[in-house]
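Input: a single structure, listed below in structure tokens.
Read-outs throughout are calculated quantities, based only on the coordinates presented, and are distinct from any laboratory measurement. Just so you know, these numbers come straight off a predicted model, no measurement behind them. Please note: Cβ atoms are built from the backbone with ideal geometry, for glycine as well, and neighbour counts cover all protein chains shown.
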Amino acid sequence: MENKIFETTYGGKPVKVELGRYAMQADGSCLVRCQDTVVMVNVTVADKARDGVDFLPLSVDFEEKLYAVGKIPGSYKRREGKPSDKAILNSRLIDRPLRPLFPKNFYNDISIVATPLSVDPDVAPEALCMLGSSIALSISSAPFEGPTGAVNVALVDGEFILNPNLEQREKSLLNLTVSGTHDAILMVEAGAKFVDEETMLKAIMVAHEEIKKQVEFQLQIIKEFSKDKKCVTTEDELTTQIRAEVKDYANEKLNYVLDTIIREERQQRDADLKQECLNEFSSKYPEVENIEAIVNSTIYAMTKEKVRNKIVEKGIRLDGRSLDEIRPIWCQVGLLPRVHGSGVFTRGQTQVLTTCTLGMLSEMQKIDGLSQQEEEKRYMHQYNMPPYSTGEAKMLRTPGRREIGHGALAERALEPVLPTEEEFPYSIRTVSEVLSSNGSTSQASVCGSTLALMDAGVPISSPVAGIAMGLIKADDKTFVLTDIQGEEDFYGDMDFKVAGTEKGITAIQMDIKIKGIDENILRTALEKARIGRLFIMNKMLETISMPRTELSPYAPKIATLNIDPDKIKDVIGSGGKSINKIIEETNVKIDIEDDGFVTIAGFDAKMIQRAKEIIEGIVMEVEVGMILNGQVVRTSDFGAFVKLSPTKEGLIHISKLSDKHIEKTEDVVVVGDKVKVEVIKVDNRGRIDLRLIQKI
């Protein structure tokens, strides 16, 4: 393949795409460069489908290599291990807009590997990897129906910025990633700080204009480098004949299956029908090995068509609801007495229990990723979906990509309402356990986490609620569904999750199963989602209307103070002697940041206060005129030495012990006496002279 470089711009920054020089054995490969960020994307496509595979086996991996930012991995082996959460989220980001753009009957394995080789902090690699994935797929032998473009959008001082730099990303009210084709939007992912629906829509449409330019740019590349495409699997005549017979046999019977609003009853009828059809056609066609797959996939397609037609023609959903109706909701807080905070959110058959745990700031999660600096996460949200939540008897597994993605979505939704470290000096972990799943558990975990945070006494600025919207698109008609359940997700064309407060949106995630949606559908979905989430929020506030004013007795109590960074060494002491003595005396935990921010945590408020006073005494700058309390630690002929803090002593000269003449120091004070004194002199060597005010 001839080496060639194509040039374009992205957000005003020049972008170069190089083909033909690297990874020669990959089916499709490109190197994308923007400033000092360089990413490589490689695509390989299997020659044929594996036996028995009836789905698209597409795998996408975003490879985080720490050499890209000049770092050596911190692990024992000094080698990258399993993908970080961030890498998994980026893999999902690349995957989601590509998956709908393959023919339904293409079952060959496809592997996409996106590797940032060099990362400039001012050019995030994610969107470049998405662009490179589209290019590599388009020039490969995969029958990809793209190309797609991808854009990251920030909102700073009321202006939309494409491909924002690090400073702009930190200032932005919006972190939005949009992907789509020239004609439609396929994927939206966003975190926001109370952005209203109209602004969000404008941002998405601004992104789509840039996507159109990216698509036009890619068409030039495809024209020169595209390969012949692999053939899509076609069914043989016998399979087509069996499908037709199954349709005739099951058509009326399927109407009975769907003629109930009770999910469990519908599932049982469906299982009975599939078994009946399998018995009928396996005996009729004993020579067909995959008869069960043919029967099940045919009934699935028939069910999907009937469910969609019922909505299109009658406006009635599987469970009997109208298009905008939300399932019954109930909430609970304080379920778990020893947990710092807990909340249960139930919507129909979807139920999530979220717990909240508070810890010291030193317990923040440390992240070793593609950043020049070590990153820390003060707020952590994790999502678990065990098999019993769907009534399945399976082994427990570690969290997969879906669980990581749902946890990150809820985390993003709640971050804008959390108090600052100064207001609430705790690290915070919420864990959502899905107890029952039937649609939009990620948004139920947003609601459950809000309840748990308020139950724990975390002073969030406002409650956050979330809802999932669906879509049925039939010819020129579109039907937006509020609060979709599982089957509507399976049979529908969109899964659009929106979370936010009364003031605006805090998180969005949208996936499309068709070849995109337009501005009108987005506008309708956003408005219906706003109405829906406010309805849900009011239901939540009936259970707990504001954060509790007191923390759980089992949560650590924390006090904070700021000290001069130059005094940190005095608090720690030689070999940690001073700080260890404070910890031993008060039974607290003490963390000191490099900037002098000190947190003191424990379960006894008196001991926390004692530790704080000791530290304040250590760092105290003694000045003339100050009134202090201390303890006599030794006496002499010329006066008494008073300990003012763990590191400071002063002398009360015998002449300053009383207004009257005294013969010896011990006539007034003895070792162990507690006294109140006034500072009358501090010399240039730091020696302190005191006057006795009174014994205490």
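Karplus-derived 3J(HN,Hα) values for region 405-413, using 6.51 cos²θ - 1.76 cosθ + 1.60 with θ = phi - 60°, are x, 5, x, 5, 5, 5, 4, 5, 5 Hz; glycine and proline are entered as x. Taking amide H positions as modeled 1.01 Å from N, with prolines and chain starts lacking one, the residues under 5 Å from M380 and 5 or more places away or on another chain are I428, R429, T430.
The distance between label points at R691 and E423 comes to 4.7 nm (points 7 Å beyond Cα on the Cα→Cβ vector). Rounded to whole Å, the principal axis extents of the Cα atoms in region 70-153 read 45, 29, 20, largest first.
Charge dipole of region 317-381 (Cα centre as origin; +1 on each Lys and Arg Cβ, -1 on each Asp and Glu Cβ, all else neutral): 340 debye, rounded to the nearest 20. Annotation: for a label point projected 7 angstrom from Cα along Cα→Cβ of S461, residues of region 409-448 with backbone N closer than 16 Å are 412-424.
Dividing the helix sum by the residues of the chain, where each DSSP H run of 4 or more adds -39500 (n - 2.57), gives a mean residue ellipticity at 222 nm of -10500 deg cm²/dmol.
Return the Rg/Rh value of the chain, two decimal places, where both radii are evaluated on C-alpha atoms and Rh is the Kirkwood radius. Walk me through the numbers on the way to the answer.
Working: Rg = 32.7 Å, Rh = 29.5 Å.
Rounded to two decimals, Rg/Rh equals 1.11.
With neighbours defined as other Cβ atoms within 10 Å of a residue's Cβ, the residues L370, L89 order from fewest to most as L89, L370. Straight-line reach from K477: taking Cα to Cα under 18 Å and skipping same-chain neighbours fewer than 8 places apart, the lysines in range are K304, K306, K310, K314, K513, K515, K528.
Need the full-extension length gain, E209 to R401, defined as separation in residues times 0.36 nm minus the C-alpha distance. One decimal, nm. Display every interim value, and only then the final one.
Values: separation 192, 0.36 × 192 = 69.12 nm, distance 3.03 nm.
Taking E209 through R401 to full extension adds about 66.1 nm, to one decimal.
Within the shell defined by Cβ-Cβ distances under 15 Å, the residues around L166 carry a net charge of -4, with Lys and Arg each +1 and Asp and Glu each -1. By the equivalent-ellipsoid construction on the alpha carbon gyration tensor, region 544-634 comes out with semi-axes of 27, 16, 15 Å, ordered largest to smallest. Each peptide among 652-664, 410-422, 473-485 gets the average number of other Cβ atoms lying within 10 Å of its residues, and from highest to lowest they stand as 410-422, 473-485, 652-664. Per residue, the convex hull spanned by the Cα atoms of region 22-172 measures out at 139 cubic angstrom.
Can you list the aspartates and glutamates whose alpha carbon sits under 12 Å from that of K539, skipping same-chain ones fewer than 8 residues off? Within the straight-line cut-off, K539 pairs with nothing. Projecting the Cα atoms of I460, V434, S445 onto the charge dipole of region 343-464, computed from C-beta unit charges around the Cα centre, puts V434 farthest toward the positive end. Positive end of the dipole of region 237-314 (Cβ unit charges, origin at the Cα centre): among A244, V295, L254, the Cα lying farthest that way belongs to L254. 3J(HN,Hα) along region 156-164, derived from phi through the Karplus expression 6.51 cos²θ - 1.76 cosθ + 1.60 where θ = phi - 60°, amounts to 10, 6, x, 10, 7, 10, 8, 6, x Hz, with x in place of Gly and Pro.
Using a 10 Å cut-off on Cβ atoms, rank the peptides 127-136, 192-201 from the highest mean neighbour count down.
Working: 127-136: 28.8, 192-201: 18.3.
Ranking, from highest mean packing down: 127-136, 192-201.
The residues packed around D566, meaning those with a beta-carbon under 15 Å from its beta-carbon, carry a net charge of -4 if Lys and Arg are +1 and Asp and Glu are -1.
Candidates Q275, G492, V679 compared by Cα position along the dipole of the chain: farthest toward the positive end lies V679, with charges placed on Cβ.
So how much slack lies between I261 and V670, counting 0.36 nm per residue of separation and subtracting their Cα-Cα distance, in nm?
Numbers: separation 409, 0.36 × 409 = 147.24 nm, distance 8.68 nm.
In short, 138.6 nm is gained.
Quick one: which of 390-396, 572-578 comes out on top by average Cβ neighbours within 10 Å, and what's the full order, highest first?
Working: 390-396: 8.7, 572-578: 12.3.
Top to bottom by mean Cβ count within 10 Å: 572-578, 390-396.
Can you tell me how much longer the chain between K477 and A271 gets when fully stretched, taken as 0.36 nm per residue apart minus their C-alpha distance, in nm with one decimal? List each step's numbers first, then the result.
Details: separation 206, 0.36 × 206 = 74.16 nm, distance 3.18 nm.
Gain in length upon complete extension: 71.0 nm.
Rounded to the nearest 20, the Cβ-based charge dipole of region 222-328 about its Cα centre (Lys and Arg +1, Asp and Glu -1) stands at 600 debye.
Could you give the dipole magnitude of region 4-225 about its Cα centre, charging the beta-carbon of Lys and Arg +1 and that of Asp and Glu -1, in debye to the nearest 20?
Details: 25 positive and 31 negative charges, 138 e Å.
The dipole magnitude comes to about 660 debye.
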